[in-house]
Each structure stands twice: as structure tokens, then as C-alpha cells.
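The block underneath contains the structure these notes are about, expressed in C-alpha cells.
Bear in mind these aren't lab numbers, they're just calculated from the coordinates by the rules spelled out. Note that the structure is a prediction, hence the values are computed from the model and not measured. Neighbour counts run over all protein chains shown; Cβ positions are idealised from the backbone, glycine included.
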Amino acid sequence: MVCMKIKSGTCMMALCGMFLAGECLGAGVIPPAQPPLLNDSKGKEIKTIEQWEKRRAELLKIFETEVYGKVPETKYKSTWTVEQEDAIAMEGKATLRLVAITTTSEYGSHTFRVNILIPNKREKPAPAFILICNRSPKNIDPTRKEKSEFWPAEQIVEAGFAAAAFHNAQVAPDKKDADFKKGIFPVLDGGKRDATSWGAIAAWAWGASRVLDYMTEDKDI
């Protein structure tokens, strides 16, 4: 899962596991019919911006209740600390920042860490890519002693972008039988869950949003 943040114009987009239907379903398998996005819940064709805004809200609600779950409305505060900085990372091509992001609510606190490599050769703040790593943490080694095609940080920096990555399990366990008592869940759930509560994927996206929050305060990004 990758998120890209470009401060100019406040453009943010997420590229989340895009695969061709044939690759997912197998050769010769016909994908099931999908409901038309430009029809409302009653089948009426959408022709105006106002109609689309209403349909968009309907679609978001469907994803919230049927797929990803509802993020708790618990009030919280997130802060960050740059725990380590190296201005000559990648043989001088980048500045490395290891950032701890801590979220606190009435139910407790939780911290996860993100590795950020910012190109030194730039004339303005660098746009950035965020990787939510669901493989071994070795794939996002901030020292770059170990390199992985899963996080091609050198290529990203060379192209003028900042490369950021955090491990998904630091935010929420990547387990089918998770009991939702680890990671960010107890801090925001407060022990209260039901059939519509959020799951791991929603929690990882929430973590990426907190990284974006930090980036809006980093003058180099």
C-alpha cells in the first residue's frame, strides 16, 4: 500500500493494491458484474455535481459499514518527535529522519515510528511517498545496509521525492484472529467494539494519515 503526498495544491492520493481482474481471478474467469458508480442507490443516473456528492457519501458509508469498519470518534492528540537525524544518509544524497508518532487519548497512548528519507538536492519542499510495509521490517531498513525492491528508496530520492515507510504491525497486528487489544485499537476503542468497528486495514490507513499530519509540519516536505 502506497500513499503519495504533494503539499502544493494539497493533492493526496492512495494507490492501494491495484491488480488486473484477470490476475486476481485467474485466466479465463469473467469478473462479476459491478454496480454502476454513477447511479444512485435507487438506480437513477447521476447527472449533476449535487447528485454525485450525495452518491459519494452513500459509497463512503457502504465502505465504512461493509468493508473497512467505522473509525472511533474518540478524541485524541497526536505528537511527534524526531528521534534521529542523519543529514548525509545515502552517501550524502538524503537526510534521514526517524520520527516517533505518539497518539494519546483518555484510554492510554500508542507510539509507532516512521522512516523518512528526504532528498538533499532540491530547491523546494519535496513531494513524498508513504509506504505501509506489510513485509519484514528489513524491507524498510533506514540505514540502507539492507535494500529491497519492495521499498526502492534510492530510486524515489533520486527522482526528487521523499521516501517514507512504517511497518503496519506497529499500528495494528496483521493477524486474521487479532483480538484488537494491541496497537492503536485499545487507545481509540476503549474496549468498546461492535460489528461495525474498524479493522486492521482502516487502522493502517489511519496511521498513514498521522504520517501526513507530521509531513505538513516538516518544512522540507
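Numbers at a glance
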read-out: Rg to Rh, two decimals, where the range 118-216 supplies the alpha carbon set and Rh follows Kirkwood; value: 1.05
read-out: Shape category assigned to the range 50-139 from the gyration tensor of Cα positions, a/c cut at 1.5; value: prolate
read-out: Range in the chain, longest, excluding exposed trypsin sites (Lys or Arg not before Pro) [loop by DSSP; at most 12 other beta-carbon atoms within 10 Å]; value: 76-120
read-out: Full-extension gain in nm, Lys175 to Asp213, via 0.36 nm per residue minus C-alpha separation; value: 11.0 nm
read-out: Efficiency of FRET from Cβ geometry, Asp194 and Asp40, R₀ 25 Å, rounded to 0.05; value: 0.35
read-out: Size of charge dipole - the range 103-195 - debye, nearest 20, with Cβ of Lys, Arg +1 and Asp, Glu -1, no other charges; value: 160 debye
read-out: Using a Förster distance of 25 Å, the FRET efficiency for Ser136-Gln84 (Cβ separation, nearest 0.05); value: 0.75
read-out: Mean residue ellipticity (222 nm) of the chain, computed from DSSP H runs ≥ 4 via -39,500 (n - 2.57), nearest 500; value: -6500 deg cm²/dmol
read-out: Area projected by the alpha carbon convex hull of the chain, averaged over all directions, nm²; value: 15.5 nm²
read-out: Longest site-free stretch - the chain; sites: GluC sites (Glu not before Pro), DSSP loop, at most 13 other Cβ within 10 Å; value: 1-72
read-out: Nearest-ten-degree value, helix 49-63 long axis tilted from longest Cα axis of the chain; value: 80 degrees
read-out: Angle between the chain longest axis and helix 200-215 axis [Cα atoms, degrees, rounded to 10]; value: 50 degrees
